[in-house]
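The values are calculated or read from the model by the stated rules, or taken from the named source; none is laboratory data. As the structure is a computational prediction, the values presented were derived from the model and not from experiment. Heads up, the Cβs are rebuilt from the backbone with ideal geometry, glycines too, and the neighbour counts pull from every protein chain shown. Only protein heavy atoms, including side chains, enter the accessible area calculation; ligands, DNA and RNA are left aside. Shrake-Rupley method; radii C 1.70, N 1.55, O 1.52, S 1.80 Å.
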Amino acid sequence: FDTFIMNRKNDFPVAAAQEAVNKALSPAYTPFVIYGQSGSGKTHLLGAMANALHNNAPDLPFFYGGVEYLDHISLSHFRSSLIQEQVVFLDDIQRAYVNPELQDALVALIDFFHASSRLLALCADSHPAGSPGVSQKLLSRLTGGLLVEVKKPDMDIRRQYLQQKNSDNTLGLSKEHILSLAQHYQDIRSIDGLLARISAYRSLLHRQEADMDKFFERTLEESHSQRFLTSDKILEIVGRHFSVSPQDIAGKKRDKSVALARPVAMLLCRELLGLSLERVGQIFGGRDHSSVLYSLNKIKGLQESNKDTNTKVSTLKHLCLTQRET
(Lines give C-alpha, C1' and ligand atoms only; values in the text may rest on other atoms or scores of the structure.)
Protein backbone atom coordinates (compact mmCIF):
# COMPACT_ATOMS: atom_id res chain seq x y z
CA PHE A 1 0.00 0.00 0.00
CA ASP A 2 2.91 2.36 0.70
CA THR A 3 3.93 2.32 -2.96
CA PHE A 4 0.40 2.93 -4.30
CA ILE A 5 0.62 6.61 -5.20
CA MET A 6 -2.81 8.19 -5.05
CA ASN A 7 -4.80 11.33 -4.43
CA ARG A 8 -8.31 11.88 -3.08
CA LYS A 9 -10.17 10.35 -6.01
CA ASN A 10 -8.83 6.89 -5.04
CA ASP A 11 -9.14 7.33 -1.28
CA PHE A 12 -12.21 5.09 -1.05
CA PRO A 13 -10.96 2.01 -2.97
CA VAL A 14 -7.64 2.05 -1.10
CA ALA A 15 -9.29 2.50 2.30
CA ALA A 16 -11.78 -0.25 1.48
CA ALA A 17 -8.98 -2.59 0.39
CA GLN A 18 -7.04 -1.96 3.60
CA GLU A 19 -10.15 -2.57 5.71
CA ALA A 20 -10.90 -5.79 3.82
CA VAL A 21 -7.43 -7.12 4.62
CA ASN A 22 -7.62 -6.04 8.25
CA LYS A 23 -10.87 -7.98 8.63
CA ALA A 24 -9.98 -10.88 6.36
CA LEU A 25 -11.07 -13.48 8.91
CA SER A 26 -14.53 -11.93 9.29
CA PRO A 27 -15.13 -9.84 6.17
CA ALA A 28 -18.05 -7.43 6.10
CA TYR A 29 -18.52 -8.12 2.40
CA THR A 30 -17.57 -10.84 -0.01
CA PRO A 31 -16.80 -10.70 -2.82
CA PHE A 32 -14.72 -7.54 -2.75
CA VAL A 33 -14.49 -6.46 -6.39
CA ILE A 34 -11.92 -3.97 -7.70
CA TYR A 35 -12.48 -2.70 -11.22
CA GLY A 36 -10.86 -0.09 -13.45
CA GLN A 37 -9.45 0.56 -16.88
CA SER A 38 -6.20 -0.99 -18.05
CA GLY A 39 -3.26 0.77 -16.43
CA SER A 40 -5.32 2.24 -13.58
CA GLY A 41 -3.41 0.32 -10.89
CA LYS A 42 -6.13 -2.17 -9.89
CA THR A 43 -3.76 -5.17 -10.08
CA HIS A 44 -1.25 -3.23 -7.97
CA LEU A 45 -3.98 -2.70 -5.37
CA LEU A 46 -4.93 -6.39 -5.39
CA GLY A 47 -1.26 -7.29 -4.96
CA ALA A 48 -0.97 -4.78 -2.12
CA MET A 49 -3.80 -6.57 -0.36
CA ALA A 50 -2.08 -9.94 -0.74
CA ASN A 51 1.23 -8.49 0.46
CA ALA A 52 -0.39 -6.86 3.49
CA LEU A 53 -2.18 -10.09 4.40
CA HIS A 54 1.09 -12.03 4.21
CA ASN A 55 2.80 -9.46 6.46
CA ASN A 56 -0.09 -9.40 8.96
CA ALA A 57 -0.70 -13.15 9.06
CA PRO A 58 2.22 -15.06 7.49
CA ASP A 59 0.76 -18.45 8.44
CA LEU A 60 -2.67 -17.81 6.95
CA PRO A 61 -3.15 -19.83 3.74
CA PHE A 62 -4.24 -17.79 0.74
CA PHE A 63 -4.17 -17.90 -3.04
CA TYR A 64 -3.10 -15.04 -5.33
CA GLY A 65 -3.20 -15.36 -9.11
CA GLY A 66 -5.06 -14.83 -12.35
CA VAL A 67 -8.35 -16.33 -13.41
CA GLU A 68 -6.52 -18.26 -16.13
CA TYR A 69 -5.51 -20.64 -13.32
CA LEU A 70 -9.13 -21.78 -13.13
CA ASP A 71 -9.26 -22.24 -16.89
CA HIS A 72 -6.66 -25.01 -16.70
CA ILE A 73 -8.12 -27.14 -13.94
CA SER A 74 -11.24 -29.21 -13.65
CA LEU A 75 -14.18 -28.04 -11.59
CA SER A 76 -13.55 -30.83 -9.08
CA HIS A 77 -9.92 -29.74 -8.69
CA PHE A 78 -11.10 -26.17 -8.36
CA ARG A 79 -13.40 -27.15 -5.51
CA SER A 80 -10.70 -29.14 -3.72
CA SER A 81 -7.99 -26.52 -4.07
CA LEU A 82 -9.24 -22.96 -3.71
CA ILE A 83 -11.92 -23.74 -1.14
CA GLN A 84 -9.14 -24.86 1.22
CA GLU A 85 -7.73 -21.33 1.24
CA GLN A 86 -8.81 -18.82 3.85
CA VAL A 87 -8.45 -15.93 1.41
CA VAL A 88 -8.40 -15.81 -2.39
CA PHE A 89 -7.19 -12.93 -4.56
CA LEU A 90 -8.18 -13.49 -8.18
CA ASP A 91 -7.15 -11.15 -11.02
CA ASP A 92 -8.59 -10.62 -14.53
CA ILE A 93 -11.97 -12.21 -13.90
CA GLN A 94 -13.25 -10.63 -17.13
CA ARG A 95 -11.46 -13.48 -18.92
CA ALA A 96 -14.06 -15.83 -17.47
CA TYR A 97 -16.93 -14.03 -19.18
CA VAL A 98 -16.40 -15.96 -22.43
CA ASN A 99 -16.49 -19.37 -20.74
CA PRO A 100 -19.81 -20.51 -19.22
CA GLU A 101 -18.17 -23.32 -17.23
CA LEU A 102 -15.63 -20.91 -15.79
CA GLN A 103 -18.42 -18.52 -14.84
CA ASP A 104 -20.19 -21.35 -13.03
CA ALA A 105 -16.94 -22.10 -11.19
CA LEU A 106 -16.73 -18.48 -10.06
CA VAL A 107 -20.35 -18.56 -8.92
CA ALA A 108 -19.58 -21.65 -6.81
CA LEU A 109 -16.47 -20.01 -5.38
CA ILE A 110 -18.33 -16.83 -4.44
CA ASP A 111 -21.17 -18.79 -2.83
CA PHE A 112 -18.76 -20.90 -0.78
CA PHE A 113 -16.69 -17.95 0.45
CA HIS A 114 -19.80 -15.93 1.26
CA ALA A 115 -21.35 -18.78 3.21
CA SER A 116 -18.13 -19.45 5.15
CA SER A 117 -17.40 -15.72 5.78
CA ARG A 118 -14.05 -15.76 4.02
CA LEU A 119 -12.49 -12.95 2.01
CA LEU A 120 -12.66 -13.27 -1.77
CA ALA A 121 -11.10 -10.30 -3.62
CA LEU A 122 -11.56 -10.07 -7.38
CA CYS A 123 -10.22 -7.78 -10.10
CA ALA A 124 -11.87 -6.83 -13.41
CA ASP A 125 -11.25 -4.28 -16.13
CA SER A 126 -14.79 -2.83 -15.98
CA HIS A 127 -17.97 -2.88 -13.91
CA PRO A 128 -19.54 -6.31 -14.41
CA ALA A 129 -22.96 -4.77 -15.16
CA GLY A 130 -21.51 -3.16 -18.27
CA SER A 131 -19.48 -6.15 -19.42
CA PRO A 132 -20.78 -8.33 -22.26
CA GLY A 133 -21.09 -12.05 -21.71
CA VAL A 134 -21.61 -12.03 -17.94
CA SER A 135 -24.25 -14.54 -16.91
CA GLN A 136 -27.07 -13.32 -14.71
CA LYS A 137 -26.00 -15.74 -11.97
CA LEU A 138 -22.45 -14.39 -11.88
CA LEU A 139 -23.60 -10.77 -12.18
CA SER A 140 -25.88 -11.10 -9.18
CA ARG A 141 -23.02 -12.53 -7.09
CA LEU A 142 -20.52 -9.87 -8.14
CA THR A 143 -22.88 -6.96 -7.54
CA GLY A 144 -23.96 -8.47 -4.23
CA GLY A 145 -20.58 -7.68 -2.71
CA LEU A 146 -18.67 -4.42 -2.52
CA LEU A 147 -17.50 -2.96 -5.83
CA VAL A 148 -14.89 -0.19 -5.89
CA GLU A 149 -13.54 1.59 -8.94
CA VAL A 150 -9.88 2.54 -9.22
CA LYS A 151 -9.68 5.73 -11.28
CA LYS A 152 -6.94 6.14 -13.86
CA PRO A 153 -4.05 8.19 -12.48
CA ASP A 154 -4.29 11.89 -13.29
CA MET A 155 -1.31 13.95 -14.38
CA ASP A 156 -0.20 14.77 -10.84
CA ILE A 157 -0.16 11.09 -9.87
CA ARG A 158 1.70 10.18 -13.06
CA ARG A 159 4.26 12.89 -12.32
CA GLN A 160 4.79 11.60 -8.76
CA TYR A 161 5.11 8.05 -10.06
CA LEU A 162 7.72 9.13 -12.62
CA GLN A 163 9.68 11.05 -10.01
CA GLN A 164 9.77 7.98 -7.78
CA LYS A 165 10.83 5.67 -10.63
CA ASN A 166 13.42 8.17 -11.80
CA SER A 167 14.91 8.35 -8.32
CA ASP A 168 14.70 4.62 -7.58
CA ASN A 169 16.30 3.58 -10.89
CA THR A 170 18.66 6.54 -11.39
CA LEU A 171 17.31 7.20 -14.87
CA GLY A 172 18.61 10.76 -15.07
CA LEU A 173 15.34 12.24 -16.38
CA SER A 174 15.05 16.00 -16.09
CA LYS A 175 12.00 17.77 -14.69
CA GLU A 176 11.04 18.63 -18.26
CA HIS A 177 11.26 14.97 -19.28
CA ILE A 178 9.11 13.90 -16.33
CA LEU A 179 6.50 16.57 -17.05
CA SER A 180 6.36 15.59 -20.73
CA LEU A 181 5.82 11.93 -19.89
CA ALA A 182 3.17 12.76 -17.28
CA GLN A 183 1.30 14.86 -19.82
CA HIS A 184 1.40 12.41 -22.69
CA TYR A 185 0.98 8.97 -21.17
CA GLN A 186 -2.37 8.25 -19.57
CA ASP A 187 -1.65 4.97 -17.80
CA ILE A 188 1.11 3.50 -15.68
CA ARG A 189 1.68 0.48 -17.93
CA SER A 190 2.60 2.70 -20.89
CA ILE A 191 4.92 4.74 -18.68
CA ASP A 192 6.62 1.58 -17.40
CA GLY A 193 7.22 0.39 -20.95
CA LEU A 194 8.88 3.62 -21.99
CA LEU A 195 10.94 3.81 -18.79
CA ALA A 196 12.19 0.28 -19.42
CA ARG A 197 13.41 1.35 -22.85
CA ILE A 198 15.08 4.48 -21.49
CA SER A 199 16.72 2.49 -18.70
CA ALA A 200 18.06 -0.09 -21.16
CA TYR A 201 19.42 2.61 -23.46
CA ARG A 202 21.15 4.37 -20.58
CA SER A 203 22.61 1.32 -18.86
CA LEU A 204 23.55 -0.82 -21.85
CA LEU A 205 25.00 1.89 -24.08
CA HIS A 206 26.31 4.19 -21.34
CA ARG A 207 25.08 7.30 -23.13
CA GLN A 208 25.86 10.81 -21.95
CA GLU A 209 23.19 13.38 -21.03
CA ALA A 210 23.21 15.05 -24.45
CA ASP A 211 22.62 11.70 -26.15
CA MET A 212 19.88 10.93 -23.65
CA ASP A 213 18.04 14.15 -24.54
CA LYS A 214 18.05 13.21 -28.24
CA PHE A 215 17.05 9.65 -27.51
CA PHE A 216 14.24 10.78 -25.21
CA GLU A 217 12.80 13.15 -27.80
CA ARG A 218 13.05 10.58 -30.60
CA THR A 219 11.46 7.90 -28.43
CA LEU A 220 8.57 10.19 -27.54
CA GLU A 221 7.90 10.94 -31.18
CA GLU A 222 8.08 7.27 -32.16
CA SER A 223 5.79 6.23 -29.32
CA HIS A 224 3.21 8.85 -30.16
CA SER A 225 3.36 7.86 -33.80
CA GLN A 226 2.52 4.32 -32.81
CA ARG A 227 -0.37 5.67 -30.73
CA PHE A 228 -1.71 7.63 -33.70
CA LEU A 229 -0.91 11.11 -32.42
CA THR A 230 1.81 12.90 -34.37
CA SER A 231 2.54 16.47 -35.35
CA ASP A 232 0.84 15.75 -38.70
CA LYS A 233 -2.28 14.54 -36.90
CA ILE A 234 -2.31 17.65 -34.71
CA LEU A 235 -2.03 19.87 -37.79
CA GLU A 236 -4.87 17.95 -39.41
CA ILE A 237 -7.16 18.30 -36.37
CA VAL A 238 -6.38 21.99 -35.89
CA GLY A 239 -6.72 22.68 -39.60
CA ARG A 240 -10.13 21.02 -39.70
CA HIS A 241 -11.27 23.06 -36.70
CA PHE A 242 -10.15 26.40 -38.19
CA SER A 243 -10.99 25.49 -41.82
CA VAL A 244 -7.42 25.93 -43.04
CA SER A 245 -5.02 23.43 -44.56
CA PRO A 246 -2.29 21.78 -42.49
CA GLN A 247 0.21 23.02 -45.11
CA ASP A 248 -0.83 26.63 -44.50
CA ILE A 249 -0.55 26.21 -40.71
CA ALA A 250 2.96 24.76 -40.99
CA GLY A 251 4.02 27.15 -43.76
CA LYS A 252 4.91 30.82 -44.06
CA LYS A 253 1.46 32.34 -44.64
CA ARG A 254 0.70 35.28 -42.36
CA ASP A 255 -2.97 36.04 -43.13
CA LYS A 256 -5.79 36.01 -40.60
CA SER A 257 -6.82 32.44 -41.40
CA VAL A 258 -3.72 31.05 -39.70
CA ALA A 259 -3.19 33.81 -37.13
CA LEU A 260 -4.71 31.69 -34.35
CA ALA A 261 -4.47 28.21 -35.83
CA ARG A 262 -0.66 28.20 -36.01
CA PRO A 263 0.15 29.16 -32.39
CA VAL A 264 -2.55 26.75 -31.16
CA ALA A 265 -1.00 23.92 -33.19
CA MET A 266 2.44 24.84 -31.86
CA LEU A 267 1.15 24.74 -28.31
CA LEU A 268 -0.40 21.32 -28.81
CA CYS A 269 2.77 19.93 -30.38
CA ARG A 270 4.75 21.27 -27.48
CA GLU A 271 2.42 20.06 -24.71
CA LEU A 272 1.03 16.84 -26.15
CA LEU A 273 4.15 15.51 -27.87
CA GLY A 274 6.76 16.97 -25.52
CA LEU A 275 8.79 18.39 -28.41
CA SER A 276 11.57 20.88 -27.88
CA LEU A 277 11.24 24.46 -29.10
CA GLU A 278 13.75 23.67 -31.85
CA ARG A 279 11.79 20.64 -33.03
CA VAL A 280 8.53 22.60 -33.06
CA GLY A 281 10.27 25.27 -35.14
CA GLN A 282 11.40 22.67 -37.66
CA ILE A 283 7.83 21.41 -38.06
CA PHE A 284 6.49 24.91 -38.58
CA GLY A 285 8.52 26.08 -41.55
CA GLY A 286 11.97 26.10 -40.02
CA ARG A 287 11.25 28.86 -37.48
CA ASP A 288 13.87 29.53 -34.83
CA HIS A 289 13.35 28.80 -31.18
CA SER A 290 12.69 32.45 -30.19
CA SER A 291 9.91 32.71 -32.78
CA VAL A 292 8.27 29.55 -31.43
CA LEU A 293 8.57 30.84 -27.86
CA TYR A 294 6.94 34.13 -28.89
CA SER A 295 4.00 32.26 -30.45
CA LEU A 296 3.58 30.02 -27.40
CA ASN A 297 3.59 33.00 -25.03
CA LYS A 298 1.09 34.75 -27.29
CA ILE A 299 -1.42 31.90 -27.25
CA LYS A 300 -1.00 31.34 -23.49
CA GLY A 301 -1.71 35.03 -22.94
CA LEU A 302 -4.83 34.79 -25.08
CA GLN A 303 -5.98 31.76 -23.10
CA GLU A 304 -5.77 33.78 -19.91
CA SER A 305 -7.51 36.88 -21.30
CA ASN A 306 -10.01 35.39 -23.71
CA LYS A 307 -12.50 32.73 -22.60
CA ASP A 308 -13.34 31.67 -26.17
CA THR A 309 -9.69 31.08 -27.02
CA ASN A 310 -9.20 29.01 -23.88
CA THR A 311 -12.26 26.94 -24.80
CA LYS A 312 -10.94 26.38 -28.32
CA VAL A 313 -7.58 25.17 -27.03
CA SER A 314 -9.21 22.86 -24.47
CA THR A 315 -11.52 21.42 -27.12
CA LEU A 316 -8.67 20.78 -29.53
CA LYS A 317 -6.55 19.21 -26.82
CA HIS A 318 -9.39 16.85 -26.00
CA LEU A 319 -9.81 15.94 -29.68
CA CYS A 320 -6.11 15.18 -29.98
CA LEU A 321 -6.04 13.07 -26.83
CA THR A 322 -9.15 11.20 -27.91
CA GLN A 323 -7.53 10.54 -31.28
CA ARG A 324 -4.39 9.33 -29.55
CA GLU A 325 -6.31 6.80 -27.49
CA THR A 326 -8.16 5.23 -30.44
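Brief remarks follow.
- Matching residues in segment 157-179 - criterion: being in a helix (DSSP H, G or I), open to solvent by less than 70 Å² (accessible area, probe 1.4 Å) and in contact with a helix residue (DSSP H, G or I) (Cβ under 8 Å, 6 or more places away or on another chain): ARG158, TYR161, LEU162, LYS165, ASN166, HIS177, ILE178
- Residues of segment 230-255 classified as under 10 Å from PHE284 (Cα atoms), of a type in the set (Gly, Ala, Ser) and not in a helix (DSSP H, G or I), total: 1
- In segment 125-157, residue modelled with the lowest pLDDT [restricted to those that are farther than 13 Å from GLN94 by Cβ and β-branched (Val, Ile, Thr)]: ILE157
- Looking only at residues in segment 117-154 that are open to solvent by less than 50 Å² (accessible area, probe 1.4 Å) and among the hydroxyl-bearing types (Ser, Thr, Tyr), the one that is farthest from ASP192 (Cα to Cα) is SER135.
- Number of the exception - ARG207 against (1) assigned to a helix (DSSP H, G or I); (2) at pLDDT below 75: (1)
- Residue match in segment 94-112 (condition: open to solvent by 40 Å² or more (accessible area, probe 1.4 Å), within 21 Å of LEU25 (Cα to Cα), outside any strand (DSSP E or B) and at pLDDT 85 or above): yes
- Where VAL258 falls short, out of the listed (1) under 30 Å from the mean Cα position of the chain (by Cα); (2) buried (at least 20 other Cβ atoms within 10 Å of the Cβ): (1)
- Taking segment 284-294 as the range and being open to solvent by less than 20 Å² (accessible area, probe 1.4 Å) and part of a helix (DSSP H, G or I) as the test, only VAL292 passes.
- One residue stands out in segment 7-65 among those that are out of contact with any Pro (no Cβ under 8 Å at 6 or more places or on another chain), surrounded by 15 or more Cβ atoms within 10 Å (Cβ to Cβ) and among the aromatic types (Phe, Trp, Tyr): the one that is farthest from VAL87 (Cα to Cα), namely TYR29.
- Among the residues of segment 1-32, those that are under 19 Å from the mean Cα position of the chain (by Cα) and closer than 23 Å to ASP92 by Cβ comprise PHE1, THR3, PHE4, ILE5, MET6, ASN10, PHE12, PRO13, VAL14.
- Any hit, segment 3-18, residues being without any contact (Cβ under 8 Å) to a residue 24 or more places away in the chain and charged (D, E, K, R): yes
- Taking the criterion of being open to solvent by 50 Å² or more (accessible area, probe 1.4 Å), over 16 Å from VAL313 (Cβ atoms) and of a type in the set (D, E, K, R), the residues of segment 234-255 that qualify are GLU236, LYS252, LYS253, ARG254, ASP255.
- Scan of segment 180-196 for residues that are in contact (Cβ under 8 Å) with a residue 60 or more places away in the chain, open to solvent by 10 Å² or more (accessible area, probe 1.4 Å) and not small (Gly, Ala, Ser), ordered by number: GLN183, GLN186, ASP187, ILE188, ARG189
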